[in-house]
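Visitor: Pasting a structure below so you can have a look.
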Amino acid sequence: MEDSPLSRRRLLWGAAGAAGTALAAVGLPRLMGPGEKAKAAPPRPGHKGPVAAAGPPAARRKDPSVDYAPAVWIEASESNYTASERPEAYPIEYVVIHLTTDILPVMFTKFKDPAERVSAHYMISATGTQIAQCVRERDVAWHSGSVWYNHRSIGIEHEGWTDQPVYTDKMYEVSAVLTATICAKYDVPVDRDHILGHVEVPLSTHDDPGTAWNWDKYMKLVETARRRIRT
Ligand SMILES: [Zn+2]
């Protein structure tokens with residue numbers, strides 16, 4: 001159907017690429033092989049505690065690097081996350097799974113709008129062919145509705161709707177490798193106590209990822225990917 005969310009999404013991905021975000025050039029993310037690790041951010045000595053939430057200093061704003069090599073950097077507004085120095089400032093103990101309930105270009109616009117007060121670390125397209133990082137893992141994205149969980153988690157948004165699961169096997173696979181990589185990097189157990197749906201965050205007012213999200217399939221993929229990553 002011409003006006004289906006997927007058609008609109010494709011159109012808008014193209015428009016975003018034309019606007020210079022380089023999205024169109026991303027292609028298929030490379031899955032991690034045995035012994036491989038995602039590129040970690042270079043250590044920055046001298047930071048020992050929580051950093052004030054006033055926003056990143058100038059040097060950080062100019063840093064376009066990603067924590068996960070297959071991702072492209074599409075930066076959220078500095079007003080939409082809390083600058084931090086995790087995992088030293090706060091342990092990273094959870095991965096929170098979201099559905100966007102909107103097409104990704106709309107989400108990027110929201111993340112870039114200082115008035116929205118919302119962000120996530122990663123965005124994955126329904127096709128699984130696009131991964132964007134919008135907030136560095138060391139920083140606190142505002143995605144779960146809980147300050148406590150935000151400080152201790154990585155948030156991953158997936159393009160989809162709780163009542164309209166347009167996402168693909170490829171999206172599950174790509175997301176599972178990302179989650180497994182995060183679990184390996186921060187020693188997060190691969191179980192449902194630590195890999196949560198947004199709906200499972202205490203006092204959450206959201207219902208994503210919804211009943212159509214296949215947790216059994218997803219967790220098996222995360223377990224398989226995690227075994228392939230040596231730590
Ligand atoms: Zn959510």
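The values are calculated or read from the model by the stated rules, or taken from the named source; none is laboratory data. The shown structure was predicted, so the numbers you read here are calculated from the model rather than taken from an experiment. Here the Cβ is made from the backbone with ideal geometry for all residues, glycine too, and neighbour counts use every protein chain on show.
Visitor: State which residue is farthest from the ligand (Cβ to nearest atom) when the search covers only region 155-173 and only residues that are more than 11 Å from Ala126 (Cα to Cα) and surrounded by 20 or more Cβ atoms within 10 Å (Cβ to Cβ).
Guide: Out of the qualifying residues, it is Ile156.
Visitor: Among the numbered conditions (1) closer than 24 Å to Arg138 by Cβ; (2) in contact (Cβ under 8 Å) with a residue 60 or more places away in the chain, tell me where Thr205 comes up short.
Guide: Exception for Thr205: condition (1).
Visitor: Right, next: Which of the residues belonging to region 101-123 are assigned to a helix (DSSP H, G or I) and either under 27 Å from Asp169 (Cβ atoms) or of a type in the set (A, V, I, L, M, F, W, C) (or both)?
Guide: Leu104, Pro105, Val106, Met107, Phe108, Phe111
Visitor: Of the conditions (1) buried (at least 22 other Cβ atoms within 10 Å of the Cβ); (2) assigned to a helix (DSSP H, G or I); (3) within 15 Å of the ligand (Cβ to nearest atom), Val199 clears all except one; give me its number.
Guide: Val199 satisfies every listed condition except (1).
Visitor: Separate question: For Ser175, state whether it is at pLDDT 95 or above and of a type in the set (Gly, Ala, Ser).
Guide: yes
Visitor: Go through Ser144, Ser175 for me and flag whichever is out of contact with any Asp or Glu (no Cβ under 8 Å at 6 or more places or on another chain) and farther than 18 Å from Pro202 by Cβ.
Guide: None of the others qualify; the one that does is Ser175.
Visitor: When residues of region 122-142 are filtered for being closer than 15 Å to Tyr90 by Cβ and either more than 15 Å from the ligand (Cβ to nearest atom) or without any contact (Cβ under 8 Å) to a residue 40 or more places away in the chain (or both), how many remain?
Guide: 5
Visitor: May I pose another question? Tell me the residue from Ala126, Ala180, Ala176, Ala132 that is crowded, with 22+ Cβ neighbours inside 10 Å and part of a loop (DSSP other than H, G, I, E, B), please.
Guide: Numbers: Ala180 fails: part of a loop (DSSP other than H, G, I, E, B); Ala176 fails: part of a loop (DSSP other than H, G, I, E, B); Ala132 fails: part of a loop (DSSP other than H, G, I, E, B).
The unique qualifying residue is Ala126.
Visitor: Every residue in region 155-173 that is assigned to a loop (DSSP other than H, G, I, E, B), more than 18 Å from Val135 (Cβ to Cβ) and out of contact with any Pro (no Cβ under 8 Å at 6 or more places or on another chain), please. Talk me through it step by step, then tell me what you get.
Guide: First, the residues of region 155-173 that are assigned to a loop (DSSP other than H, G, I, E, B): 159-160, 162-163, 165-168.
From what is left, the residues that are more than 18 Å from Val135 (Cβ to Cβ) are 160, 162-163, 165-168.
Result: Asp163, Pro165, Tyr167, Thr168.
Visitor: Which of (1) at pLDDT below 95; (2) more than 16 Å from the ligand (Cβ to nearest atom) is the odd one out, the single condition Ser84 does not satisfy?
Guide: (1)
Visitor: Just checking, how many residues over region 202-212 are within 11 Å of the ligand (Cβ to nearest atom) and either touching a strand residue (DSSP E or B) at 6+ places or on another chain (Cβ under 8 Å) or under 17 Å from Val95 (Cβ atoms) (or both)?
Guide: The total comes to 5.
Visitor: Let me ask another. Take Asp216 and decide whether it is in a helix (DSSP H, G or I), at pLDDT 95 or above and either in contact with a helix residue (DSSP H, G or I) (Cβ under 6 Å, 6 or more places away or on another chain) or surrounded by fewer than 23 Cβ atoms within 10 Å (Cβ to Cβ) (or both).
Guide: Working: in a helix (DSSP H, G or I): yes; at pLDDT 95 or above: yes; either in contact with a helix residue (DSSP H, G or I) (Cβ under 6 Å, 6 or more places away or on another chain) or surrounded by fewer than 23 Cβ atoms within 10 Å (Cβ to Cβ) (or both): yes.
Judged against the criteria, Asp216 is a match.
Visitor: In addition: Determine the pairs where a residue that is closer than 25 Å to Gly128 by Cβ and part of a loop (DSSP other than H, G, I, E, B), located within region 71-100, has a partner that is of a type in the set (S, T, N, Q) and within 16 Å of the ligand (Cβ to nearest atom) with Cβ atoms under 6 Å apart, the partner being 6 or more residues away or on another chain.
Guide: Close Cβ pairs (under 6 Å, with a partner that is of a type in the set (S, T, N, Q) and within 16 Å of the ligand (Cβ to nearest atom)) amount to Ala76/Ser119.
Visitor: Looking at this structure, is Gly145 assigned to a loop (DSSP other than H, G, I, E, B), more than 16 Å from the ligand (Cβ to nearest atom) and more than 12 Å from the chain's Cα centre (by Cα)?
Guide: Considered against the rule, which asks whether it is assigned to a loop (DSSP other than H, G, I, E, B), more than 16 Å from the ligand (Cβ to nearest atom) and more than 12 Å from the chain's Cα centre (by Cα), Gly145 comes out as no.
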